Amino acid sequence: MSQRRILVTAALPYANGPIHLGHLVEYIQTDIWVRFQKLCGHRCIYICADDTHGTAIMIRARQESRSEERLIAEMQDAHLRDFSAFDIEFDNYGSTNSRENRELCAEFWRSMRAGDLVLERDVSQLFDPEAGTFLADRFVKGICPKCNARNQYGDNCDKCGAAYRATDLIDPVSTLSGAKPELRSERHLFVQLEKLHGFLEQWTQCGKHLQPEVANYLKGHFLHEPLRDWDVSRPAPYFGFEIPDSPGNYWYVWFDAPIGYLASTKQWCDRHGEDFDDWWRSDDVEVHHFIGKDIIYFHTLFWPGMLKSAGFSLPTKVRIHGFLTVGGEKMAKTKGTFIMAETYARHLDPSFLRYYYASKLGPRLDDLDMNFDEFTAKINADLVGKVVNLASRCSRFVHTAGLSATYPDDGGLFARGAAAGAEIAAAYEEGDFSRAMRLTMELADRANPFVEAAEPWALARDPARARELQDVCTIALNLFRQLAVYLAPVLPRLAKQTGDLLGKPIERWDESQRPLTGTPVAAFKHMLQRVNEKDVAKMIDESKENVPASQSADAAQGPSPALLAEPLAAECSIDDFAKVDLRIARVISAEDVPDARKLLKITVSLGGNEQRTVFAGIKQAYRPDQLVGRLVVIAANLAPRKMKFGTSAGMILASGPGDENVFLLSVDEGAEPGQRVH
Ligand SMILES: [Zn+2]
C-alpha cells in the first residue's frame, strides 16, 4: 500500500462554552479515523482550532467585564484540557483569532474581489441604542407576526414554527439591554454564490465527495433555484477581523471560521518545516472534513465556493454525522443528560466513551443514542469480559518464562484473526466503526472458549506441564494483542498497556498479522475496570445540579430569560427582609387535591409539635411520594390564606415559571427543621 497524505479536520468548537458529550461524538470519531490512518503508516494530520469571533463572544466578554482575548484564551485552555482527557490528539490546535488566519482571510477576500463575486447592498437591521450594537436575530425578542405568541426570537417562532426577519417582530425588545431597538440601515458586503452555481452543482452531485443523502438534500433544497447572496460582513462593533478594503466592516464569523482550517495547518507547517502549498494546493493530498449535520450548508456550498475561488484544494470528502441523543431524547439539563466532558471524566473512564461511540457510529447521518444501561452492559461484557479478561487470566503464568520462542499450533485461531484484518480496516476507512467493533468482538468470542478449554489455571498446578502452560498463554496473549491492534484507533491507552505488558509497542496495523514470540511478559497491571452503575448515577446527578451559568445558551447571549420575565425587585433594607420568617421544615405528609389542577396539600413539621399545612401549586412538578421526608424552606409567618380547598398557613419556597417547571429549594445536609434562614 502506498503512503497517502491526508489532512483531516473536525469542525471548530465555538469559544463560548465548554465541550460536552454531544461535541465529543465528532472529535472522538475524527480522532479514531486519524489514528487508524496513522497506524496504517499514512501521513495524516489532524487539524482543528477554536472558533472565536462574533457577537456572542463580544457580548459575553462585555458582560464579564474582560477582553475578548482573555475570554477566548481561557476557553481554549478548557477545550484542550477536555480533548486531552479523552485522548483526542490534534497535530495542531489553533485559533481563528490568529495572525495566520487574518492573512489568509485577506487572501481569500482578494481572490473573491478579483473574481467579481462581491457586491455591496444596504441592509436594514435592528440596532440597540443602549448597548450600541446591531442585534443578531437571537438577541431580539418580540411577538410573532404570524400567531402573536409572545417572547419569540428574531428568526423563528417556537410556537407556530414561522420563519421571519427580526424586523417583522411586533414590539421587539433587545435581550441585551431591554431597550426598544431602532431600525438602521447599513452597507453590507455580499458574496454572489449564484455565480458559482454550475461548479457547485457539479462538485456536490458527482458522487465522490458527499454521502448520497447529503447530495440529494442539497439538490432538493438549494440547487434547484438560484443560490442566495451570502452576507459576509457585519458593521462595527464586532469581534473579528476588519475587512481591509471596507473600513468599519468586519468579516462575519462564518467567513473566517473555515479559513481557520488553513490557518491552523499553516502553523503546523511552520513548526515542522513543511510547505503550506504542498498541503493545501496539491493534488496529492486528501482533505477530509468531519462535521455535524447542522452545518451542511456552510461546508458543502459556501466553503467549496470559497476554496475554488481562492485556488485551494477542494475537500476530498465531507463526512457528516448525526447528533447525540440521550435515552432517545435531546440532551436536557433538567434530566442531567446535558453532560460536560469534564463531568464525565471525573466519574468514568474516557476510554469507555470512545468504545461506546465507536460501537454505534456508522457511515450515515443517523443520530447516535446514548443509553447508559447499554453503555454499562457493553463495556462490561465486551471490553472487560471478552478482551481484557484474556490478558488478565493468562499473563501472570508467563510472567517469568515470557512468551514461547516459536508460536504454537493454535488450530488456526491467529491466522483467522489476521485474515479478518482487511475487512476491519475497510470498515474503519469507510467510517463504519460499528462494523469494525462487531468484527473485532467476533474474534474475541472465538478466543475466549480457547482459554476456557485449555484451563491455564489448572495447568499451572502441575510443574510437569510448564511448557504446555507457556504455549497456551502465548496463544491467548497473542490473540489478545491482535484484538488490541484492531482496537488501537479507539483505545490508544489499551494499546499502550498491551505494548508495556508484552515488551513491544503496538505501532503498526500489520502487527495484527504476525504473532509475537520470545518476548518477556511484564507483571500484569489492571487495564480497564468494570463500569460501576453508581458512578454513572453520580455523573448524571452532578450534571443536574451543576450547570454553570455559562453553559446556558441563553446566558451566553444576554441577560437570562428568567430576569427578563421577572425583573429584579426594588432594593429593600435588611429590616424589610427580616420581617419574613423563613424556616427549615420537613415534609411529613403530602397529598393530592383531586379537584385542583395544580395543588398539593402538604403538612410540614418545624420540629417538635409545630406543624403547618400549606397548599402548594407544584402538582405537575412533583408527586406526593417524592416529597415526604425531604427538607424544604417555608415562609412561616405569612398571614393564613383561605383557599377553596382549605386554609394555607405559609408558603413553600420554589422557583420557576410554573406547571412542570417548578423547582423546590433544597437544604444542605445537617440543617434541622425549625432553623431560621438568614
Ligand atoms: Zn408564531
Distance from the Cα centre of the stretch 360-415 to that of the stretch 219-292, in angstrom? 42 Å
Checking rank on 46-52, 92-98, with mean other Cβ inside 10 Å and highest first, the result is 46-52, 92-98
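How about the stretch 6-73: which trypsin sites (Lys or Arg not before Pro) there lie in a loop by DSSP and see at most 13 other Cβ atoms within 10 Å? Can you show the working numbers first?
Values: sites: ARG35, LYS38, ARG43, ARG60, ARG62, ARG66, ARG70; in loops: ARG66.
Answer in residue order: ARG66.
For an R0 of 51 angstrom, estimate the FRET efficiency from the Cβ-Cβ distance between ALA85 and LEU183 and round to the nearest 0.05.
On the way: r = 48 Å, r/R0 = 0.93.
Efficiency at R0 = 51 Å is approximately 0.60.
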Cα gyration tensor category, rounded, prolate or oblate, for the stretch 332-440 with a/c compared to 1.5: oblate
Note on the chain: alpha-carbon gyration tensor, axes a ≥ b ≥ c; rule is a/c under 1.5 for rounded, else prolate if a/b larger than b/c, else oblate; result oblate
Going through the stretch 100-182, which GluC sites (Glu not before Pro) have at most 16 other Cβ atoms within 10 Å and a DSSP loop state? GLU130
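Do the alpha carbons of any pairs in LYS159/LYS335; LYS195/LYS308; LYS496/LYS525; LYS219/LYS330 sit beyond 21 Å of each other, and which pairs?
Details: LYS159/LYS335 23 Å; LYS195/LYS308 12 Å; LYS496/LYS525 12 Å; LYS219/LYS330 28 Å.
Beyond 21 Å: LYS159/LYS335; LYS219/LYS330.
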Under 13 Å between alpha carbons, and skipping anything fewer than 8 positions from LYS38 in its own chain: which aspartates and glutamates qualify? GLU89, ASP91, GLU429, GLU507, ASP510
All other residues with a Cβ under 15 Å from the Cβ of ASP284 taken together, and with Lys, Arg as +1 and Asp, Glu as -1, what is their net charge? -2
Within the chain, which cysteines find no other Cys whose Cβ is under 4.7 angstrom from their own? CYS40, CYS44, CYS48, CYS105, CYS206, CYS269, CYS572
Any idea of SER392's accessible area? Nearest 10 Å², probe 1.4 Å. 40 Å²
Which shape class, rounded, prolate or oblate, goes with the stretch 167-212 when its Cα gyration tensor gives a ≥ b ≥ c as root eigenvalues, a/c under 1.5 marks rounded, and past that a/b bigger than b/c marks prolate? prolate
Quick check: net charge around ARG4, other residues with Cβ under 9 Å of its Cβ, Lys/Arg +1 and Asp/Glu -1? 0
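Which trypsin sites (Lys or Arg not before Pro) in the stretch 147-236 pass both tests, a DSSP loop state and at most 12 other beta-carbon atoms within 10 Å?
Numbers: sites: ARG150, LYS159, ARG165, ARG184, ARG187, LYS195, LYS208, LYS219, ARG228; in loops: ARG150, LYS159, ARG165, LYS208, ARG228.
Passing both the DSSP loop test and the Cβ count: ARG150, LYS208, ARG228.
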Taking the alpha-carbon distance from LYS180 and a cut-off under 21 Å, which lysines remain once sequence neighbours fewer than 8 residues away in the same chain are dropped? LYS141, LYS146
Provide the percentage of antiparallel DSSP beta bridges, counting only those with both residues in the chain; round to the nearest 5. 70 percent
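How high is the FRET efficiency from ALA162 to CYS206, r the C-beta distance, R0 45 Å, rounded to 0.05?
0.80
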Can you tell me the FRET efficiency between ASP278 and ARG4 if r is taken as the Cβ-Cβ distance and R0 is 22 Å, rounded to the nearest 0.05? 0.95
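The values are calculated or read from the model by the stated rules, or taken from the named source; none is laboratory data. None of the values given here were measured: they were computed from a predicted structure. Positions of Cβ are generated from backbone atoms using ideal geometry, with glycine treated the same way; all protein chains shown enter the neighbour counts. The area values use the complete protein model at the heavy-atom level, side chains included, leaving out ligands, DNA and RNA. Shrake-Rupley method; radii C 1.70, N 1.55, O 1.52, S 1.80 Å.
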